[in-house]
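Okay, structure first, notes after.
Bear in mind that the values in this text are calculations on the coordinates, not laboratory data. Note that the coordinates shown come from a computational prediction; the quantities given were computed from them, not determined experimentally. Every residue, glycine as well, gets a Cβ built from its backbone with ideal geometry; the counts of neighbours run over all protein chains shown.
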Amino acid sequence: HQPSKLDTWVRFPSPAFLLYQEKNTGVFQTMEKKPDFKAMPTKKKIGYVWDYYRWHIIAAICTTAFLISTIIHFVTYRDPLLNVIMINCSAPYNTEHSGFDEFMSSRGYDTDPALISVISNLYFSDDAEPMSAMQQYQVLSTLIGAGGQDLFFGTGAAFNAYADQGALLDLSTVLPEDLLARYADSLIYSTDDGTVDAYPCAIGLSGHPWLRDNNYYYGPCSFGIFAAAANPRTAAEFVRFLLEYPAESGH
């Protein structure tokens, strides 16, 4: 058997290859050699770990923080007791959730701000351009259509339109007759666009001290409970609180 050139090269490598191997063996050994971690001082150990495992550490920290925040959210989250929409507020950017603290404390509820949701930055002008008015109506319709809202305050044609279309609850089903009788001249009625007999769905107020002192409405406004209220019992309690509120704010 005559050895091939490949067999000869493998068995008897050329002097050039042997020289290359000898020169680079130290390099390979140096690259493969790992530092003795146990022999390192503490500062170098920390630097070594950070250099080689920084992204693992960062990923672990982020994952842990996310899990902790998620757990805290689900453990501490509480559904709002009242969800309120106020359109055409007198001072929409000066309203305070703390205005509801008096009601909450008087009924034995916690005054945690998270328990009250107030949307007060929607404004509807009867003289607005059609396109601008349409955009505002779309926002409001989306909020109402999504459900979960309890109280509706407002003025002008926008409030009246939603009231007449059946968006508000029949107040005679949640308020006592004597209280409704006191506000008989201020009741607003709805027929659900003519589909049912008229029923009281809202009440008009003017210069109410609670609304005025908390920068919600300085003049006339109307309010009612949404027909699809998420918290109808609490909403009815608030309506009674508002209607029985002392005429003078210095109480």
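For the reader, a short list of remarks on this structure follows.
- Taking Lys and Arg as +1 and Asp and Glu as -1, the other residues whose beta-carbon sits under 12 Å from that of F238 total -1.
- Its Cα gyration tensor gives the range 138-225 an equivalent ellipsoid. The semi-axes, each the square root of 5 times an eigenvalue, are 20, 18, 12 Å from largest down.
- Förster-model FRET efficiency, 35 Å R0, A198 and S141, C-beta, rounded to 0.05: 0.90
- Stretchable slack from D126 to T64, in nm (0.36 nm times residue separation minus alpha-carbon distance): 17.1 nm
- Where labels lie 7 Å past Cα in the beta-carbon direction, separation of H97 and D213 in nm: 2.1 nm
- Förster radius 45 Å - calculated FRET efficiency between S105 and A161, Cβ distance, rounded to 0.05: 0.80
- Cut-off 11 Å between beta-carbons: net charge of the residues surrounding G224, Lys and Arg +1, Asp and Glu -1: -2
- Per residue, the convex hull spanned by the alpha carbons of the range 190-251 comes to 108 Å³.
- Between amide H atoms placed 1.01 Å from N, distances below 5 Å from Y123 occur with N88, all of them 5 or more places distant or on a separate chain.
- Evaluating kT/(6 pi eta Rh) at 4 °C and 1.567 mPa s, with the Kirkwood radius of the range 82-186 over Cα pairs in the Stokes-Einstein relation, gives 83 µm² s⁻¹.
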